[in-house]
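Participant: Before I ask anything, let me first share the structure, which is written out below as structure tokens.
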Amino acid sequence: MMNNNPVKRKSLTDEVVEKLQHYISSGKYKPNEKLPTESELMEHFQVGRSTIREAVRILSNCNVVYVQHGIGIFVHPSPETGESLSKRLQRTDVENIFEVKLLLEIKIAEKAAYNRKISDISKMKKALGDRQSCAEAGDLNGCVEADVAFHTIIAEACGNDILADLYKAFGKQFLESYLKFDSSWSVKRLMESQQLHVDLMQSIQDKDAKKAWNLAHKIASGIK
């Protein structure tokens with residue numbers, strides 16, 4: 001059993017991914033070795049089950065670990081434990097991030113229109129409500145966080161875990177980069193696209209994939 005090693009309460013999944021990746025790259029866990037159980041990892045990192053499962057899914061998609069259902073989580077025979085995607089994105093050009101984010105955003109919107117559930121629409125409505133409320137309060141950071149949450153919900157609703165994971169990484173890093181390098185960002189600027197976001201949600205609710213694709217493209221292109 002490992003000693004407790006709580007992670008910071010910011011970006012919990014990213015923290016768990018990086019720590020597990022470090023344990024594997026440092027040789028603490030070797031190829032084909034079984035990792036601790038979900039419950040043990042939850043206790044070790046002091047996080048919930050959903051965070052552990054999301055971290056494991058990301059590492060599995062990156063060929064760092066593999067899961068044998070009913071048996072456990074194992075280190076991949078040849079784990080790819082180089083530079084993490086989040087760190088790679090932190091040093092890449094914002095225009096490259098924008099290009100990939102644009103492609104991802106229109107695809108997940110299209111797929112979400114086919115695969116969304118009623119619960120996804122409810123979450124989208126809440127995120128848009130938070131976006132509006134933060135704007136009215138003049139809270140730029142809160143407005144940005146609500147915007148990220150809205151698009152992340154769409155990504156999760158698209159039915160493709162890999163696309164969702166990629167979007168989460170690119171979407172977050174893109175906004176952080178733009179807020180850092182573009183001084184024209186403001187609550188007013190974000191709210192100019194509020195109705196487009198509402199229309200996008202409606203198109204997804206209506207299962208109108210073509211309209212969702214067009215609206216997502218318009219929103220993403222308008223940020224540039």
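Residue-by-condition table, conditions (1) aromatic (Phe, Trp, Tyr); (2) open to solvent by 80 Å² or more (accessible area, probe 1.4 Å); (3) part of a helix (DSSP H, G or I); (4) at pLDDT below 95:
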{"residue": "86", "(1), (2), (3), (4)": "no, no, yes, yes"}
{"residue": "89", "(1), (2), (3), (4)": "no, no, yes, yes"}
{"residue": "101", "(1), (2), (3), (4)": "no, no, yes, yes"}
{"residue": "121", "(1), (2), (3), (4)": "no, no, yes, no"}
{"residue": "162", "(1), (2), (3), (4)": "no, yes, yes, yes"}
{"residue": "165", "(1), (2), (3), (4)": "no, no, yes, yes"}
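Participant: Another question, then. Is it true that some residue in segment 181-188 is touching a helix residue (DSSP H, G or I) at 6+ places or on another chain (Cβ under 9 Å), part of a helix (DSSP H, G or I) and at pLDDT below 75?
Facilitator: Yes; the residues of segment 181-188 include at least one that is touching a helix residue (DSSP H, G or I) at 6+ places or on another chain (Cβ under 9 Å), part of a helix (DSSP H, G or I) and at pLDDT below 75.
The values are calculated or read from the model by the stated rules, or taken from the named source; none is laboratory data. Just so you know, these numbers come straight off a predicted model, no measurement behind them. Because the Cβ atoms are built from the backbone with ideal geometry, glycine has one as well, and the counts that use them run over all protein chains shown. Please note that ligands, DNA and RNA were not included when accessible areas were found on the heavy atoms of the full protein model with its side chains. Shrake-Rupley method; radii C 1.70, N 1.55, O 1.52, S 1.80 Å.
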